[in-house]
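Trainee: I have a structure here, written as structure tokens, and I will follow up with some questions on it.
The values are calculated or read from the model by the stated rules, or taken from the named source; none is laboratory data. Just so it is clear, the model here is predicted, and its values are computed rather than measured. Positions of Cβ are backbone-derived with ideal geometry, glycine not excepted, and every protein chain shown enters the neighbour counts.
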Amino acid sequence: MAISTTNLSDRTIGMVIVAQDGTGDFNGTTELCIQQAIDSVASGGWIYIKSGTYEISATITVAAHGVKLSGVPNHTILEGQLDITILDITRPACMLQDFTIQGLIAGINANPMLKITAGTIERMIIQGRQHGIEPRLGVNKIRTSTISCAGHIAINIVNAACIANQIINNVSIYGEYGIYIENGNGFNTILGNEISSCDYAIYMIEAAHNNIINNNYMYGTKEQSIYLNNCSWNVINGNMITTDADSDGIVLEDTEHNMVIGNMMECYAVSTKTGLKEVGTTDYTLINSNNLTGWNTNFTIIGAATRIGVNGDA
């Protein structure tokens with residue numbers, strides 16, 4: 001469909017409408033009409049994308065500060081036709097609400113479907129056969145959304161992010177990680193999420209310090225639900241881990257000065273794995289009031305460790 005536009009000022013502040021039926025300020029069925037709408041607004045502008053499936057063959061880029069993109073829940077779909085990043089938010093304080101980003105092609109080039117810079121994602125559906133979200137450069141807020149990836153990582157934290165009330169359903173061909181944090185990207189809050197069917201639900205390595213992992217529900221993991229390696233000053237509190245597979249609950253490896261408090265871990269199958277494990281130099285960690293049920297080995301220390309606390313092994 002050809003793109004048509006109405007007469008707009010060079011850079012509009014206010015709402016601009018994208019549609020497929022000719023009723024919008026920009027009309028079409030591909031990324032071209034959406035990109036033109038985005039380019040037409042100044043910082044603080046709003047693009048409303050009406051119902052329809054828009055075929056995306058080139059990355060849509062938001063390069064203005066504070067832009068809002070919204071759509072019709074379950075009916076506005078940006079559908080990637082290639083192994084590309086579908087939407088790239090390069091400027092801070094942008095907001096995405098109430099639409100679906102969907103990748104059709106199996107990802108082999110490590111492209112996330114969505115990149116966001118110091119912005120907010122609310123009530124979104126991110127689904128497809130490649131990586132999900134890459135939050136970067138500043139504090140991002142990702143909440144009340146569903147992420148279902150047949151890629152490698154559902155959420156790959158490149159810089160500090162606040163992740164709350166996510167559903168990460170990472171049943172996948174390539175899938176390994178629900179939330180992946182590395183390379184010194186600390187000070188994250190991972191709160192109230194449901195994370196299922198990953199090899200690793202939360203995976204933190206290489207100096208990912210000072211994170212809070214609180215009140216998450218993890219189930220169906222294949223390797224470990226929470227894994228920390230060389231990460232310190234983290235708080236793991238009040239999480240519920242349920243598994244019927246041969247997987248570990250929480251594993252701390254070469255990791256110091258962490259608090260693991262008040263977690264509930266249940267295993268309902270014959271398992272050779274461990275509910276809570278310390279490996280290597282895992283010193284000065286407070287491990288207290290955790291309840292571990294059903295593993296053959298509820299608590300294991302491999303290597304010298306200094307810890308304090310009382311845990312319930314049922």
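Trainee: Determine the pairs where a residue that is closer than 15 Å to residue 115 by Cβ, located within region 71-84, has a partner that is assigned to a loop (DSSP other than H, G, I, E, B) and aliphatic (A, V, I, L, M) with Cβ atoms under 8 Å apart, the partner being 6 or more residues away or on another chain.
Mentor: Short answer, once both residue conditions are applied: 78/86; 80/86; 80/104; 80/105; 83/105; 83/106; 83/108; 84/58.
Trainee: Within the set of pairs 6+ apart or on separate chains, which have a first residue in region 250-279 that is outside the structural domain of residue 202 (by TED's automatic domain parsing), a second that is not hydrophobic (A, V, I, L, M, F, W, C), and C-beta atoms under 6 Å apart?
Mentor: Going by the 6 Å Cβ cut-off, there are no qualifying pairs.
Trainee: Of all residues in region 95-106, count the ones that are on the phi < 0 side of the Ramachandran plot and either touching a Phe, Trp or Tyr at 6+ places or on another chain (Cβ under 6 Å) or surrounded by fewer than 23 Cβ atoms within 10 Å (Cβ to Cβ) (or both). I'd like the intermediate steps shown before the answer.
Mentor: To start, the set of residues in region 95-106 that are on the phi < 0 side of the Ramachandran plot comprises 95-97, 99-106.
Checking which are either touching a Phe, Trp or Tyr at 6+ places or on another chain (Cβ under 6 Å) or surrounded by fewer than 23 Cβ atoms within 10 Å (Cβ to Cβ) (or both) leaves us with 95, 97, 100, 102, 104-106.
Here the count works out to 7.
Trainee: With the requirement that a residue be at pLDDT below 95 and of a type in the set (Gly, Ala, Ser), what does region 8-42 give you?
Mentor: Passing the criteria: 9, 14, 42.
Trainee: Right, here's the next one. Does at least one position in region 53-62 carry a residue that is closer than 24 Å to residue 160 by Cβ and surrounded by 19 or more Cβ atoms within 10 Å (Cβ to Cβ)?
Mentor: Yes.
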